Amino acid sequence: MLCEQILGKLEETDISGRKLEYVDIEWHEAFKKIHRKVTDKGREVGIRMDDSVLTRGLLQGDVIYSDENLVIAVNTPPCEIIQVSLMEGHEKMAAKVCYEIGNRHAPLFWGTEDTFITIYNEPMMVMLSKIHGVTAVKKTEKLDFDRRISASVHNHHH
């Protein structure tokens, strides 16, 4: 089965009387055009998107296939993240936190209650933990791409 476009959001789709299957798209895969995946029910799926996915991404709840019997939607599984918060009186360190995360080309998201979120890796955790007035905590949660601060979220390497 080949999926070639985003047909809408799951919450806006009437799925009554149809099977619903999910295909997992990890955060670092969300901005890639071509995938070969297996749904949560074991169905093989080829995904070939146009260039718009390079900036928009494949996000939680995107419907990528729909017919009279079946709907296939994207699931973005939880991943390891670093939740960064600033201690009272150290709010200006937000600039350093954002600079250091951006300098490593890591994705950056708004968290809840005045926190930032970035993808976990040990060097990033060590670096953030050393910034005075900053608390960095490793967690596992789903990323909300609507809360991204970075202009783009790519798995970028030099």
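Residues that are among the acidic types (Asp, Glu) and open to solvent by 20 Å² or more (accessible area, probe 1.4 Å) number at least 1 in the following helices (runs of 4 or more DSSP H) confined to the range 36-133: 93-103, 122-129.
Within the range 7-32, restricting attention to residues that are assigned to a loop (DSSP other than H, G, I, E, B) and more than 25 Å from Ile81 (Cβ to Cβ), which residue is farthest from the chain's Cα centre (by Cα)? Residue satisfying both the conditions and the ranking: Gly17. So Tyr99 passes all but one of these: (1) more than 15 Å from the chain's Cα centre (by Cα); (2) under 17 Å from Glu141 (Cα atoms); (3) not aliphatic (A, V, I, L, M). Which condition number does it fail? Condition (2) is where Tyr99 drops out. Within the range 91-118, residues that are touching a residue at least 60 places away in the same chain (Cβ under 8 Å) have Cβ atoms under 9 Å from residues that are loosely packed, with under 15 Cβ neighbours inside 10 Å and among the hydroxyl-bearing types (Ser, Thr, Tyr) in these pairs: Pro107/Ser152, counting only partners at least 6 apart in sequence or on another chain.
Of all residues being outside any helix (DSSP H, G or I) and open to solvent by less than 60 Å² (accessible area, probe 1.4 Å) in the range 142-151, which is modelled with the highest pLDDT? Just the residue, please.
Step one: list which residues in the range 142-151 are outside any helix (DSSP H, G or I), which gives 142-144, 148-151.
Adding the requirement that they be open to solvent by less than 60 Å² (accessible area, probe 1.4 Å) leaves 143, 150.
Details: Leu143: 91, Ser150: 74.
Filtering the range 142-151 for residues that are outside any helix (DSSP H, G or I) and open to solvent by less than 60 Å² (accessible area, probe 1.4 Å), the one modelled with the highest pLDDT comes out as Leu143.
For the range 23-34, the criterion of being at pLDDT 95 or above, over 30 Å from Leu128 (Cβ atoms) and open to solvent by less than 40 Å² (accessible area, probe 1.4 Å) is met by at least one residue.
For Asp14, state whether it is open to solvent by 60 Å² or more (accessible area, probe 1.4 Å), farther than 24 Å from Lys142 by Cα and of a type outside the set (Gly, Ala, Ser).
Working: open to solvent by 60 Å² or more (accessible area, probe 1.4 Å): yes; farther than 24 Å from Lys142 by Cα: yes; of a type outside the set (Gly, Ala, Ser): yes.
Taking the combined requirement at face value, the residue satisfies it.
Using the structure shown, decide if Ile131 is closer than 30 Å to Met49 by Cα and either touching a residue at least 60 places away in the same chain (Cβ under 8 Å) or of a type outside the set (D, E, K, R) (or both). For Ile131, the condition - closer than 30 Å to Met49 by Cα and either touching a residue at least 60 places away in the same chain (Cβ under 8 Å) or of a type outside the set (D, E, K, R) (or both) - is not met.
The values are calculated or read from the model by the stated rules, or taken from the named source; none is laboratory data. Note that the structure is predicted; figures quoted are calculated from it, not measured. Counting neighbours? That spans all protein chains shown, and the Cβs are built from the backbone with ideal geometry, glycine included. In case anyone asks, the SASA skips ligands and DNA or RNA and just uses the protein heavy atoms, side chains included. Shrake-Rupley method; radii C 1.70, N 1.55, O 1.52, S 1.80 Å.
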